[in-house]
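*Asks:* I have a structure here, written as structure tokens, and I will follow up with some questions on it.
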Amino acid sequence: MKIADYFLKRKTDQLIRKGRSEDAVMVSLPEAKDIGILFLEEEGQQQALNKFVDELVRDHKRVRALTFFENFHSNPYQFKFDFFTKKEISLFGDIQNEKVSQFIDFRFDYLFCVSRQVFLPFEYILMRSHAKFRVGFHEEGKEYLFDLMVEPPQDASLQTLLAQLYEYTQKISLSLHEH
């Protein structure tokens, strides 16, 4: 384990022990205005993410997306996103990137984590996030990260997984607001 990873893990573990400072608030998805997307690039899956973001925008959502790149490279996406690289994680585990700080501080109605496995910098961002409601794929032992988790079928494409995330979030949010 690198020193930066060690310190980032300690900071994340402290946040986990402390718990979330704000209670989750699920607004109905049709009424939601601001959507955050935390994503990791999956080879050959860029079109699925492009389509997902396009559908959100067509539904009149303001979308802010953030990703991590091992190294800077060309943009395979058709939407605006911010990113950070491993060079921006200090020796003491601080993510030194203004866009990451802004993403954490933003009060998204929903924050979708579009990553089949959450990795340490995303755990830290999710735990610090001021999003009202966090949605992601189920990962054993990571239940504390999300307010709603969807069990991903083993061989499902990212497009199928994104459709499930959106569909389940919509159905649950609407059923909660009917009562």
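*Asks:* Give the residue that is surrounded by the most Cβ atoms within 10 Å (Cβ to Cβ), with candidates limited to residues of segment 131-141 that are under 17 Å from residue 40 (Cα atoms) and among the charged types (D, E, K, R). Spell out how you get there, then give the answer.
*Replies:* Residues of segment 131-141 that are under 17 Å from residue 40 (Cα atoms), as a first pass: 134-139.
If we keep only those that are among the charged types (D, E, K, R) as well, we get 134, 139.
Details: 134: 22, 139: 17.
Top of the filtered list is 134.
*Asks:* Let me ask something additional. For segment 94-138, how many residues meet the condition of being among the β-branched types (Val, Ile, Thr) and under 27 Å from residue 163 (Cβ atoms)? Give the steps one after another, and end with the answer.
*Replies:* The initial filter retains those residues of segment 94-138 that are among the β-branched types (Val, Ile, Thr), namely 95, 100, 104, 114, 118, 125, 135.
Cutting the leftovers down to under 27 Å from residue 163 (Cβ atoms) gives us 114, 118, 125, 135.
The qualifying residues number 4.
*Asks:* Here is a follow-up. For segment 46-82, enumerate the residues that are farther than 15 Å from residue 111 by Cα, among the aromatic types (Phe, Trp, Tyr) and surrounded by fewer than 18 Cβ atoms within 10 Å (Cβ to Cβ).
*Replies:* Once the filter is applied, which keeps residues that are farther than 15 Å from residue 111 by Cα, among the aromatic types (Phe, Trp, Tyr) and surrounded by fewer than 18 Cβ atoms within 10 Å (Cβ to Cβ), segment 46-82 yields 69, 72, 77, 79.
*Asks:* If a residue counts only when it is touching a residue at least 40 places away in the same chain (Cβ under 8 Å), which strands (runs of 3 or more DSSP E) contained entirely in segment 19-136 have at least 1 such residues?
*Replies:* Because the criterion is at least 1 residues that are touching a residue at least 40 places away in the same chain (Cβ under 8 Å), the strands (runs of 3 or more DSSP E) in segment 19-136 that meet it are 34-39, 62-69, 110-114.
*Asks:* Quick test for you: out of 72, 81, pick the one residue that is of a type in the set (Phe, Trp, Tyr) and either on the phi > 0 side of the Ramachandran plot or at pLDDT 90 or above (or both).
*Replies:* Values: 72 fails: either on the phi > 0 side of the Ramachandran plot or at pLDDT 90 or above (or both).
Checking each option against the conditions leaves just 81.
*Asks:* Does residue 128 qualify as being of a type in the set (Lys, Arg), open to solvent by 60 Å² or more (accessible area, probe 1.4 Å) and over 28 Å from residue 44 (Cβ atoms)?
*Replies:* Numbers: of a type in the set (Lys, Arg): yes; open to solvent by 60 Å² or more (accessible area, probe 1.4 Å): yes; over 28 Å from residue 44 (Cβ atoms): yes.
Yes, satisfied.
*Asks:* Given 139, 151, 178, 123, which one is within 23 Å of residue 10 (Cα to Cα) and modelled with pLDDT under 90?
*Replies:* Details: 151 fails: within 23 Å of residue 10 (Cα to Cα); 178 fails: within 23 Å of residue 10 (Cα to Cα); 123 fails: modelled with pLDDT under 90.
Step by step, each of 139, 151, 178, 123 is checked, and only 139 is within 23 Å of residue 10 (Cα to Cα) and modelled with pLDDT under 90.
*Asks:* Right, residue 168: hydroxyl-bearing (Ser, Thr, Tyr), under 28 Å from residue 58 (Cβ atoms) and out of contact with any Ser or Thr (no Cβ under 8 Å at 6 or more places or on another chain) or not?
*Replies:* Details: hydroxyl-bearing (Ser, Thr, Tyr): yes; under 28 Å from residue 58 (Cβ atoms): yes; out of contact with any Ser or Thr (no Cβ under 8 Å at 6 or more places or on another chain): yes.
Considered against the rule, which asks whether it is hydroxyl-bearing (Ser, Thr, Tyr), under 28 Å from residue 58 (Cβ atoms) and out of contact with any Ser or Thr (no Cβ under 8 Å at 6 or more places or on another chain), residue 168 comes out as yes.
*Asks:* Which ones in segment 147-162 are without any contact (Cβ under 8 Å) to a residue 24 or more places away in the chain and assigned to a helix (DSSP H, G or I)?
*Replies:* Taking segment 147-162 as the starting set, the residues that turn out to be without any contact (Cβ under 8 Å) to a residue 24 or more places away in the chain are 149-151, 153-156, 160.
160, the sole residue that qualifies.
*Asks:* Residue 144 fails exactly one of the following numbered conditions: (1) of a type in the set (Ser, Thr, Tyr); (2) in a strand (DSSP E or B); (3) open to solvent by 70 Å² or more (accessible area, probe 1.4 Å). What is the number of that condition?
*Replies:* Condition (2) is where residue 144 drops out.
*Asks:* Look through segment 5-34, keep the residues that are of a type in the set (Val, Ile, Thr) and at pLDDT 85 or above, and return whichever of them is farthest from residue 56 (Cα to Cα). Walk me through it before giving the result.
*Replies:* First, pick out the residues of segment 5-34 that are of a type in the set (Val, Ile, Thr): 12, 16, 25, 27.
Those still in the list that are at pLDDT 85 or above too: 12, 25, 27.
Numbers: 12: 30, 25: 20, 27: 15 Å.
Per the stated criteria, the residue is 12.
*Asks:* Cβ-Cβ below 9 Å, separation at least six or inter-chain, first residue in segment 1-14 and among the charged types (D, E, K, R), second surrounded by fewer than 12 Cβ atoms within 10 Å (Cβ to Cβ): which pairs?
*Replies:* Qualifying pairs under 9 Å: 2/91; 9/1.
The values are calculated or read from the model by the stated rules, or taken from the named source; none is laboratory data. None of these values were measured; they are calculated from a predicted model. Here the Cβ is made from the backbone with ideal geometry for all residues, glycine too, and neighbour counts use every protein chain on show. Please note that ligands, DNA and RNA were not included when accessible areas were found on the heavy atoms of the full protein model with its side chains. Shrake-Rupley method; radii C 1.70, N 1.55, O 1.52, S 1.80 Å.
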